[in-house]
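Novice: I have a structure I would like to understand better, so I am pasting it below and will then ask my questions one at a time.
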There are 2 protein chains.
Amino acid sequence: MDKSSTLTKIGEFGLIRMIEKLVKAPNSSVVKGIGDDAAVLKWNKAKYLLFTCDMLIEDVHFRSNMRSSDIGRKALACSISDIAAMGGLPKYAIISIGLPKNLKISFVRSLYNGINNIARRFKVDIVGGDTNRSKKIIIDVTMIGEVEKESLVLRSSAKANDLIFVTGALGGSFKSGRHLTFIPRLQEARLLVKNYSLNSMIDISDGLAQDLGHILDSSDKGALVYERAIPKHKSASIKEALYNGEDYELLFTLSNQQAHKLIDDIAAKKIKFPVTAIGQIIERKNGFTIIDSRGVRKPLKPRGFRHF
Amino acid sequence: MDKSSTLTKIGEFGLIRMIEKLVKAPNSSVVKGIGDDAAVLKWNKAKYLLFTCDMLIEDVHFRSNMRSSDIGRKALACSISDIAAMGGLPKYAIISIGLPKNLKISFVRSLYNGINNIARRFKVDIVGGDTNRSKKIIIDVTMIGEVEKESLVLRSSAKANDLIFVTGALGGSFKSGRHLTFIPRLQEARLLVKNYSLNSMIDISDGLAQDLGHILDSSDKGALVYERAIPKHKSASIKEALYNGEDYELLFTLSNQQAHKLIDDIAAKKIKFPVTAIGQIIERKNGFTIIDSRGVRKPLKPRGFRHF
């Protein structure tokens, strides 16, 4: 690659792969480093420590004319969703902020009220931070969580013949403003890991097609998805359901036996939140395929929101 | 305070106090939340977990024409210094970055080479991150460290009659470029906490006067400092030594008995790095005072670098 190449050329995932190669190979206390919703670190006999971060930048992730309590809320909710997608519980957060010096104090107060409300709801302690002057508003939340060893779910363990499930409905999160007000699926994730043996899980932040692509890449598998089965948010098109980011629903896979247990429990109304089977994991050589509403097989591109 | 007040009005420390009040009171597993170099969390019988972050922003903390390996190096070094100032050892880091899309790949490669070199030197594992598009370059490092319970040193435990010490020499860090290339005083801090019983410690990031002010505020104490005793970097003035930020030397206090043990060890050349006694902790009611080079007592203002 020539020296004048820019990030646009390699794209966001090219950048992440480059970083992954550049940083030192983690030592044996690192169960999982770069490449999942959170890092997994050895902790004690029963539990792993989870460690994740999410940065929100003005004019990239939000605009300064949005309600600042919603912005603060979202900053924390993204990291809670990451911890949920590992099967864990959030515990502590640190918040680095960059703020313009002429920003109104009332804006900052409301920002922290939003942070505080969701922190209290999900039992997260804000234990520190760093405050900086900046032209654009920047909020970076880093969160520590914990997960029982038997509850940990990675992206990289999907098996051929697993059924693919998604919680809730997808599409139109930005358009509708839901990207600011979504509720992280923590309760749902905890119920799932406590009652079923999940093979893989991710939260849908980049879009269904792209995040399923992350599971497939990490697990070296393919998938067959049924367009008609995908739960769309009201007023969202199938394209929006497939490619829009920031739904923060859970996408997970279960063995056939576990999937039937879940489907029986849904029928028996033991599961009180919407969960839908949308397809199946297959061998990688059989590709990443969608069967459209007319029954036609098409290759599915793992595209969605990308920063570069 | 009227609704139109801006951050300039309350200043950086007013902002931090406001945030401290706004966030939920931490639960009992939080040994120390906001208000020290790192948060201290309960972990296991022998050790506490340390948790800290430092955000660097282009045109605030560095310029894009500086060597990007130095910028990466500094981003990690600031957090290592925070962990050192608690008496602990750094373990894991997560790095959130914001990068302009037309940034050269070679810049990013060199940035991570700088990060990687210092991570390897100080045995820190980079275990995750978040990549974002941004107009200005932003690097936020969050670090997890550990500290044996008996080695933990807070800002808030300085005692009257403690002697005040500082490592190295102070002043002119920005002017000389040392703010990019400084070596965090981790080895020195570990030697100190293993051999002496420190009452308080902080790293000098805002400047000697201001960071000593942080110890005094947290400990509800005053101080008497001898201008002639302050170790100045060559070519730095006493004003620069007192008020310049980013020296990242250690500032700590010891009881008289422990101080004499340290002074004896320095005389016996058991201590191989520069440490200087610069004054004494006194009761708060007796103020924060400097004795200048002509022997005149003057009030010392805890000012230094501030973002707002």
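Novice: Under 6 Å between Cβ atoms, which residue pairs at least 6 apart in sequence (or on different chains) link something in segment B:279-308 that is within 14 Å of another protein chain (Cβ to nearest Cβ) with a partner that is open to solvent by 90 Å² or more (accessible area, probe 1.4 Å)?
Specialist: What qualifies is B:308/A:101.
Novice: Just give me the residues in segment A:140-156 being at the interface with chain B (Cβ under 10 Å from one of its Cβ atoms) and hydrophobic (A, V, I, L, M, F, W, C), in sequence order. Even if it seems obvious, please write down each step before you answer.
Specialist: So in segment A:140-156, the residues at the interface with chain B (Cβ under 10 Å from one of its Cβ atoms) come out as A:140-144.
If the condition is that a residue be at the interface with chain B (Cβ under 10 Å from one of its Cβ atoms) and hydrophobic (A, V, I, L, M, F, W, C), then A:141, A:143, A:144 are the ones that fit.
Novice: Something else: Tell me which of these residue A:76 doesn't satisfy, since it passes every other one: (1) part of a helix (DSSP H, G or I); (2) at pLDDT below 95; (3) touching a strand residue (DSSP E or B) at 6+ places or on another chain (Cβ under 7 Å).
Specialist: (2)
Novice: Right, here's the next one. Spot the failing condition for residue A:211; the list is (1) in contact with a helix residue (DSSP H, G or I) (Cβ under 9 Å, 6 or more places away or on another chain); (2) open to solvent by less than 10 Å² (accessible area, probe 1.4 Å); (3) assigned to a helix (DSSP H, G or I), and only one is missed.
Specialist: (1)
Novice: Looking at segment B:78-91, is at least one residue among the charged types (D, E, K, R) and touching a Gly at 6+ places or on another chain (Cβ under 6 Å)? Walk me through how you get there before you give the answer.
Specialist: Initial filter on segment B:78-91 (among the charged types (D, E, K, R)): B:82, B:91.
Pick out the ones that are also touching a Gly at 6+ places or on another chain (Cβ under 6 Å) and you get B:91.
Scanning segment B:78-91, I find at least one residue that is among the charged types (D, E, K, R) and touching a Gly at 6+ places or on another chain (Cβ under 6 Å), so the answer is yes.
Novice: Could you please let me know if residue B:62 is open to solvent by 10 Å² or more (accessible area, probe 1.4 Å) and among the hydrophobic types (A, V, I, L, M, F, W, C)? Break it down stepwise before answering.
Specialist: Numbers: open to solvent by 10 Å² or more (accessible area, probe 1.4 Å): no; among the hydrophobic types (A, V, I, L, M, F, W, C): yes.
So residue B:62 fails the test.
Novice: Please list, ordered by first then second residue, the pairs with beta carbon atoms under 7 Å, 6 or more apart or interchain, first in segment B:3-22 and of a type in the set (Asp, Glu), second open to solvent by 40 Å² or more (accessible area, probe 1.4 Å).
Specialist: Between residues of segment B:3-22 that are of a type in the set (Asp, Glu) and residues that are open to solvent by 40 Å² or more (accessible area, probe 1.4 Å), the close pairs are B:12/B:306.
Novice: When only residues in segment B:180-202 that are under 14 Å from the mean Cα position of the chain (by Cα) and not in a helix (DSSP H, G or I) count, which is surrounded by the fewest Cβ atoms within 10 Å (Cβ to Cβ)?
Specialist: Across segment B:180-202, the extreme among qualifying residues is B:183.
Novice: Is at least one residue of segment A:252-262 closer than 21 Å to residue A:158 by Cβ, hydroxyl-bearing (Ser, Thr, Tyr) and out of contact with any His (no Cβ under 9 Å at 6 or more places or on another chain)? So that I can check it myself, show each step before the final result.
Specialist: We begin by selecting, within segment A:252-262, every residue closer than 21 Å to residue A:158 by Cβ; these are A:252-262.
Keeping just the survivors that are hydroxyl-bearing (Ser, Thr, Tyr) gives A:253, A:255.
Those still in the list that are out of contact with any His (no Cβ under 9 Å at 6 or more places or on another chain) too: A:253, A:255.
Looking for residues that are closer than 21 Å to residue A:158 by Cβ, hydroxyl-bearing (Ser, Thr, Tyr) and out of contact with any His (no Cβ under 9 Å at 6 or more places or on another chain), one finds at least one in segment A:252-262, hence yes.
Novice: So, in segment A:12-57, exactly how many residues are β-branched (Val, Ile, Thr), open to solvent by less than 10 Å² (accessible area, probe 1.4 Å) and facing chain B (nearest Cβ under 7 Å)? I'd like the intermediate steps shown before the answer.
Specialist: Step one: list which residues in segment A:12-57 are β-branched (Val, Ile, Thr), which gives A:16, A:19, A:23, A:30-31, A:34, A:40, A:52, A:57.
Next, from what is left, pick out any that are open to solvent by less than 10 Å² (accessible area, probe 1.4 Å): A:40, A:52, A:57.
Those left that are additionally facing chain B (nearest Cβ under 7 Å): A:52, A:57.
Looking only at that region, the number is 2.
Novice: Taking segment A:64-104 on its own, how many of its residues are without any contact (Cβ under 8 Å) to a residue 40 or more places away in the chain and either hydroxyl-bearing (Ser, Thr, Tyr) or farther than 20 Å from residue B:130 by Cβ (or both)?
Specialist: Pass one, segment A:64-104, residues without any contact (Cβ under 8 Å) to a residue 40 or more places away in the chain: A:65, A:99-104.
Among the residues that remain, those that are also either hydroxyl-bearing (Ser, Thr, Tyr) or farther than 20 Å from residue B:130 by Cβ (or both) are: A:65, A:100-104.
Matching residues across segment A:64-104 total 6.
Novice: Now, a different point. Report yes if residue A:288 is of a type in the set (Phe, Trp, Tyr), more than 19 Å from the chain's Cα centre (by Cα) and under 29 Å from residue A:151 (Cβ atoms), otherwise no. Show your work before the answer.
Specialist: Numbers: of a type in the set (Phe, Trp, Tyr): yes; more than 19 Å from the chain's Cα centre (by Cα): yes; under 29 Å from residue A:151 (Cβ atoms): yes.
Considered against the rule, which asks whether it is of a type in the set (Phe, Trp, Tyr), more than 19 Å from the chain's Cα centre (by Cα) and under 29 Å from residue A:151 (Cβ atoms), residue A:288 comes out as yes.
Novice: Could we say that residue A:120 is open to solvent by 30 Å² or more (accessible area, probe 1.4 Å) and at the interface with another protein chain (Cβ under 8 Å from one of its Cβ atoms) here?
Specialist: On the way: open to solvent by 30 Å² or more (accessible area, probe 1.4 Å): yes; at the interface with another protein chain (Cβ under 8 Å from one of its Cβ atoms): yes.
Against the criterion (open to solvent by 30 Å² or more (accessible area, probe 1.4 Å) and at the interface with another protein chain (Cβ under 8 Å from one of its Cβ atoms)), residue A:120 qualifies.
Novice: Can you find, within segment A:215-235, the residue that is modelled with the lowest pLDDT among those that are under 13 Å from residue A:35 (Cα atoms) and in contact with a Lys or Arg (Cβ under 6 Å, 6 or more places away or on another chain)? Spell out how you get there, then give the answer.
Specialist: To start, the set of residues in segment A:215-235 that are under 13 Å from residue A:35 (Cα atoms) comprises A:215-219.
Those left that are additionally in contact with a Lys or Arg (Cβ under 6 Å, 6 or more places away or on another chain): A:215, A:218.
Numbers: A:215: 97, A:218: 94.
Ranking the candidates gives A:218 first.
Novice: Identify, from the list B:128, B:171, the residue that is facing another protein chain (nearest Cβ under 10 Å), among the small types (Gly, Ala, Ser) and touching a residue at least 24 places away in the same chain (Cβ under 8 Å).
Specialist: Details: B:171 fails: facing another protein chain (nearest Cβ under 10 Å).
Just one listed residue meets the conditions, B:128.
Novice: Then there's this: What strands (runs of 3 or more DSSP E) completely inside segment B:251-308 contain at least 1 residues that are surrounded by 12 or more Cβ atoms within 10 Å (Cβ to Cβ)?
Specialist: Working: elements: B:275-283, B:288-291, B:297-299.
Per the criteria, B:275-283, B:288-291.
Novice: From the residues in segment B:214-250 that are at positive phi and not hydroxyl-bearing (Ser, Thr, Tyr), which one is surrounded by the fewest Cβ atoms within 10 Å (Cβ to Cβ)?
Specialist: Per the stated criteria, the residue is B:220.
Novice: Mind listing just one residue for me: the one in segment A:79-101 that is open to solvent by less than 10 Å² (accessible area, probe 1.4 Å) and part of a helix (DSSP H, G or I) and, of those, farthest from the other protein chains (Cβ to nearest Cβ)?
Specialist: Quick first cut of segment A:79-101, residues open to solvent by less than 10 Å² (accessible area, probe 1.4 Å) only: A:79-81, A:83-88, A:90, A:93-99.
Pick out the ones that are also part of a helix (DSSP H, G or I) and you get A:79-81, A:83-85.
Numbers: A:79: 10, A:80: 15, A:81: 13, A:83: 12, A:84: 16, A:85: 13 Å.
Step by step, filter segment A:79-101, then rank; the result is A:84.
The values are calculated or read from the model by the stated rules, or taken from the named source; none is laboratory data. Just so it is clear, the model here is predicted, and its values are computed rather than measured. Methodologically, a virtual Cβ is constructed for each residue, glycine included, from the backbone with ideal geometry; neighbour enumeration extends over all protein chains shown. Quick note on the areas: whole protein, heavy atoms, side chains included, nothing else; ligands and nucleic acids left out. Shrake-Rupley method; radii C 1.70, N 1.55, O 1.52, S 1.80 Å.
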